[in-house]
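Enquirer: I have a structure I would like to understand better, so I am pasting it below and will then ask my questions one at a time.
The values are calculated or read from the model by the stated rules, or taken from the named source; none is laboratory data. The model shown is predicted, which means the values in this text are computed figures rather than measured ones. Here the Cβ is made from the backbone with ideal geometry for all residues, glycine too, and neighbour counts use every protein chain on show. To get the accessible areas, we keep the full protein, side chains included, count just its heavy atoms, and leave off ligands, DNA and RNA. Shrake-Rupley method; radii C 1.70, N 1.55, O 1.52, S 1.80 Å.
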Amino acid sequence: GERDRGMIAQDKIEKRRAELGHPIVNWKEILERKMKGEHLVVIGGMVFDVRAFERSHPGGESALLSNLGKDATAGFMQSHGESAHASLAKFFVGDLQGAGAFERGSLSSIPTLSPLV
């Protein structure tokens, strides 16, 4: 069910996190890396490099490009199902420093937020 797929996505991210040595990335670093051409977005307190996925993103390239260097959690949660969660792991580059607002890195615990207008 939904919960099982969420756990599979979680396991994949945990594995990738361990492979990378549990990197922590702060906002300053995200912006610096963006300036150097990395395409980083933050979702649920985790940092992902989405460059390799932009052309094939079902929601269009511009949806990703407009969120580079930003927290895209709300938009992601509103418009993506479990299959998108599962595909995130391969783009994981680290956890956001101080992202304790959620159980860090647990997609299943992220509330569906409405964007602030």
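Enquirer: Count, please, the residues in the stretch 38-57 that happen to be in contact (Cβ under 8 Å) with a residue 12 or more places away in the chain and out of contact with any His (no Cβ under 8 Å at 6 or more places or on another chain).
Expert: Qualifying residue count for the region: 13.
Enquirer: Just checking, how many residues over the stretch 66-80 are of a type outside the set (A, V, I, L, M), closer than 18 Å to GLN97 by Cβ and in a loop (DSSP other than H, G, I, E, B)? If you could, list the steps in order and put the result at the bottom.
Expert: Kept after step one, since they are of a type outside the set (A, V, I, L, M), are these residues of the stretch 66-80: 66-67, 69-71, 73, 75-76, 78-80.
Then keep just the ones that are closer than 18 Å to GLN97 by Cβ; that gives 69-71, 73.
Add one more test, that the residue is in a loop (DSSP other than H, G, I, E, B), and what stays is 69-70.
Of the residues in the stretch 66-80, 2 are of a type outside the set (A, V, I, L, M), closer than 18 Å to GLN97 by Cβ and in a loop (DSSP other than H, G, I, E, B).
Enquirer: Further question on the same structure: Spot the failing condition for VAL42; the list is (1) among the hydrophobic types (A, V, I, L, M, F, W, C); (2) touching a Lys or Arg at 6+ places or on another chain (Cβ under 9 Å); (3) farther than 21 Å from ILE8 by Cα, and only one is missed.
Expert: Every listed condition holds for VAL42 apart from (3).
Enquirer: Okay, moving on. Please list, ordered by residue number, the helices (runs of 4 or more DSSP H) wholly in the stretch 1-65 having 1 or more residues that are open to solvent by 60 Å² or more (accessible area, probe 1.4 Å) and of a type in the set (S, T, N, Q).
Expert: In the stretch 1-65, 61-65 are the helices (runs of 4 or more DSSP H) which contain 1 or more residues that are open to solvent by 60 Å² or more (accessible area, probe 1.4 Å) and of a type in the set (S, T, N, Q).
Enquirer: Just checking, does the stretch 100-117 include any residue being open to solvent by less than 50 Å² (accessible area, probe 1.4 Å), at pLDDT 55 or above and within 22 Å of VAL25 (Cβ to Cβ)?
Expert: No, the conditions are met nowhere in the stretch 100-117.
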